[in-house]
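The values are calculated or read from the model by the stated rules, or taken from the named source; none is laboratory data. Everything numeric in this text was worked out from a predicted model, so none of it was measured. Neighbour counts are summed over all protein chains in view; Cβ atoms, including those assigned to glycine, are modelled from backbone coordinates with ideal geometry.
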Amino acid sequence: MSRDAILGAIRRGLKRGPLPEDQAFALRARLVGHPRHLTPARSIGTHAELVSRFVANVEKEFGTLTRVPDLAGVPGAVADYLAAQNLPTDFAMSPHPELTQDIPWHLRPMLQIRVGRAAASDLVCVQQGYAGIAETGTLMLPSAPERPTTINLLGDTAIVVLRASRIVGPYEDAWAWLRQRVDPVSGGFMPRNVMLVTGPSRSADIESVLELGAHGPRRLHIVLVEDAPAP
C-alpha cells in the first residue's frame, strides 16, 4: 500500500478531508528540502581537522583505529589486529565491492574470509564504512544487500574499513549524502535500517558498572584508509 493510500485511510478514519493546499505544499517542500539544524562548532573545520577529531572521538569511546595509506594496506592491518588481540584468522565479511574487489586479500593468505551475512558463530566481522562523523566519532552503517546488518551485530569483534574521504563533520552531512544516494524524489528509498555506531556495545545499567559487549560487539576496530580528502 502506498503512503498516500495509508494517509488517506487515516484521514477518512478521523473524518478529515484532504489537507488544504497551502499545508500540503509546505509539507512537500519540507520533505524535499530537508532543512538543516544549527551545526555545533566541534563539527566544523578543515578535512584534516575533522579526520583528527574523528580519530580522537573514536578512541575516547573505547574504539581502536589503524591508519593505512591505501586499500592495499588493509589486509596487513586486519591480520596484525587479529594477531594482537589473539583472535582467529577467519571472519565474515560483507559483500561490498570495495571489500571484495578492491582489496588484495591474497597478500595475507592466512586470512580465511567468508563473504555474506554473519552467523551467530562468527567471532569477527568486517564491514564497509559508509561514513564517519567527526562530531562524535560515530560510524554510519546503512543496510543494503552489499552491507548486511548482521555483520554489524553478531560478531564479538567488529572491524570497519572506512575511507578518510568519507569522514564528515556533523550528522547532517552524513544524512545529506545518504539522501543524495537514494534520492526519494525520483523514486528511490531510504535504507530499511541505518545504524549509528559510536564505539563498541556497552552498558552500565547494572550497578553503574561499565560492561563492554552488552548488546553487540565488545570490540570496534576501524581501519582508516588515507585516500584523497572529500571535495
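Select from segment 190-231 the residues that are among the polar types (S, T, N, Q) and assigned to a loop (DSSP other than H, G, I, E, B) and write down the one among them that is modelled with the lowest pLDDT. Looking at residues that are among the polar types (S, T, N, Q) and assigned to a loop (DSSP other than H, G, I, E, B), I get S208.
Kindly evaluate T64 against the criterion of being surrounded by 10 or more Cβ atoms within 10 Å (Cβ to Cβ), out of contact with any strand residue (DSSP E or B) (no Cβ under 9 Å at 6 or more places or on another chain) and in contact (Cβ under 8 Å) with a residue 24 or more places away in the chain. When the stated conditions are applied, T64 does not pass them.
Among the conditions (1) in contact (Cβ under 8 Å) with a residue 40 or more places away in the chain; (2) in contact with a helix residue (DSSP H, G or I) (Cβ under 8 Å, 6 or more places away or on another chain); (3) surrounded by fewer than 13 Cβ atoms within 10 Å (Cβ to Cβ), the only one that A48 does not satisfy is (2).
Look at F62 and say whether it is of a type in the set (F, W, Y) and more than 22 Å from T198 (Cα to Cα). The answer is no for F62. Each residue in segment 92-151 was checked for being under 17 Å from G76 (Cα atoms), among the polar types (S, T, N, Q) and either without any contact (Cβ under 8 Å) to a residue 12 or more places away in the chain or in contact with a Pro (Cβ under 6 Å, 6 or more places away or on another chain) (or both), and 1 pass.
Yes/no per residue for (1) among the basic types (K, R); (2) touching a Cys at 6+ places or on another chain (Cβ under 8 Å):
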position: L19; (1), (2): no, no
position: Q23; (1), (2): no, no
position: R42; (1), (2): yes, no
position: A77; (1), (2): no, no
position: M93; (1), (2): no, yes
position: I103; (1), (2): no, no
